[in-house]
1. When residues of region 350-370 are filtered for being farther than 19 Å from residue 401 by Cβ and not in a loop (DSSP other than H, G, I, E, B), how many remain?
2. Listed residues 387, 423; which is in contact with a helix residue (DSSP H, G or I) (Cβ under 9 Å, 6 or more places away or on another chain), in a loop (DSSP other than H, G, I, E, B), more than 29 Å from residue 303 (Cβ to Cβ) and modelled with pLDDT of 75 or more?
3. Closer than 19 Å to residue 188 by Cβ and either surrounded by fewer than 16 Cβ atoms within 10 Å (Cβ to Cβ) or over 21 Å from the mean Cα position of the chain (by Cα) (or both), is that true of residue 377?
4. Tell me whether region 228-244 contains one or more residues that are in contact with a helix residue (DSSP H, G or I) (Cβ under 7 Å, 6 or more places away or on another chain), at pLDDT 90 or above, surrounded by 17 or more Cβ atoms within 10 Å (Cβ to Cβ) and closer than 28 Å to residue 374 by Cβ.
5. Quick one: which of 169, 215 is touching a helix residue (DSSP H, G or I) at 6+ places or on another chain (Cβ under 6 Å), part of a loop (DSSP other than H, G, I, E, B) and modelled with pLDDT under 90?
6. Part of a loop (DSSP other than H, G, I, E, B) and loosely packed, with under 15 Cβ neighbours inside 10 Å - does that describe any residue in region 339-349?
7. Please indicate, with yes or no, whether at least one residue in region 403-420 is part of a helix (DSSP H, G or I), surrounded by 18 or more Cβ atoms within 10 Å (Cβ to Cβ), modelled with pLDDT of 80 or more and touching a helix residue (DSSP H, G or I) at 6+ places or on another chain (Cβ under 6 Å).
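The values are calculated or read from the model by the stated rules, or taken from the named source; none is laboratory data. These numbers were taken from a predicted model, which means no experiment stands behind them. Here the Cβ positions follow ideal geometry from the backbone for every residue, glycine too, while neighbour counts run over all protein chains shown.
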């Protein structure tokens, strides 16, 4: 050591030259995670000049995706040495974060030391096993990231999820096959699609969400495939790239896929089979590397039988499927959901509301046509509008009406006549459909009857309409 110090003399650059001469990356930060210095190898790996990193906090650099995760951040947060697989650009690195402490055992700096294992792995006889291990580590890292990203809203956190669905999501995320998410409105289909994307190889690419029910039939083709300059009257002079192009390298999520026009289904099927699409007005096909996830609250198999949905497209979409259970089938989790939403909105609005056992009992009986989303919205409303204790008098009239009807039906099963029971069931089904849909036309379609028949039943049961 004395000889080394003698060689350095009064030139501290001597030590920096040594660090610059090695092929491993060296990244040095202060005790707060602010970058102090990186060696030449780190510059090459990060593809960012040293001057543009010095002074910046590693959390900020990590958030930009220059490296994932920051091993210095992990070491500082855990106050110990941390080793992990780090992704930097297209490479994978075994990286260790070390803490530098003074004589009082106080942290004064942190050093990350990384070694590129991408090429080394390729030269070993255990290539497949090592790559699988690396992917497993990468998957675990992404799971931590996903958990952090999805816990930002209460609905997303509460929807994630029972272990069987969580396990299925992780399996689907590992492959590139098309996936179909089936479930009623409000069960968390979009959250699941995002989670599959963030756990997949496409996680660094865009996640493009297209709601097929919200785009007019005349516009959906141009929105999806794009168009060339002057393709049709009213087209933008520069053309438009389309959502498939925008999703290149990532995931395209078709929400409410059952609403996509029959005339467009053949073109979508062609894209799923070949990864090629033809913008409106174009003469040559374009390619896009896109992972497709679809979701629906409709019975696609029934639509296939009716001829309103192509059977070949359905089978292509349904390679992998996830069925999201409605809230009424998750009654054992009802109290946990309610408690979580109550705590969240108490903290958000700086109050300390409580809830009575009677309300929890009503929640267990209620049908929940809007599922977890309905429960979340209701709890926010109750926390804002109720007094200190939330009781049954704070609940919406429709909820009490439906709940009382359900309870009376259960109590009268043993001695009620068949016509009476059938009428009670019919009224409850109509009330549920009217609450789920925002028009009598849609409610009639949901029930499988004509609108005129539905209106006659509404008048018969004296149901007060709050929809069009």
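1. Here the count works out to 3.
2. Exactly one of 387, 423 is in contact with a helix residue (DSSP H, G or I) (Cβ under 9 Å, 6 or more places away or on another chain), in a loop (DSSP other than H, G, I, E, B), more than 29 Å from residue 303 (Cβ to Cβ) and modelled with pLDDT of 75 or more, namely 387.
3. The answer is yes for residue 377.
4. no
5. Details: 169 fails: part of a loop (DSSP other than H, G, I, E, B).
None of the others qualify; the one that does is 215.
6. The first filter runs over region 339-349 and keeps only residues part of a loop (DSSP other than H, G, I, E, B), leaving 349.
Then drop every residue that is not loosely packed, with under 15 Cβ neighbours inside 10 Å, which leaves 349.
Taking every residue of region 339-349 in turn, at least one turns out to be part of a loop (DSSP other than H, G, I, E, B) and loosely packed, with under 15 Cβ neighbours inside 10 Å.
7. Looking only at region 403-420, we keep the residues that are part of a helix (DSSP H, G or I), and these are 403-412, 418-420.
Still in the list and also surrounded by 18 or more Cβ atoms within 10 Å (Cβ to Cβ): 403.
Among the residues that remain, those that are also modelled with pLDDT of 80 or more are: none.
The answer is no, given that none of the residues of region 403-420 is part of a helix (DSSP H, G or I), surrounded by 18 or more Cβ atoms within 10 Å (Cβ to Cβ), modelled with pLDDT of 80 or more and touching a helix residue (DSSP H, G or I) at 6+ places or on another chain (Cβ under 6 Å).
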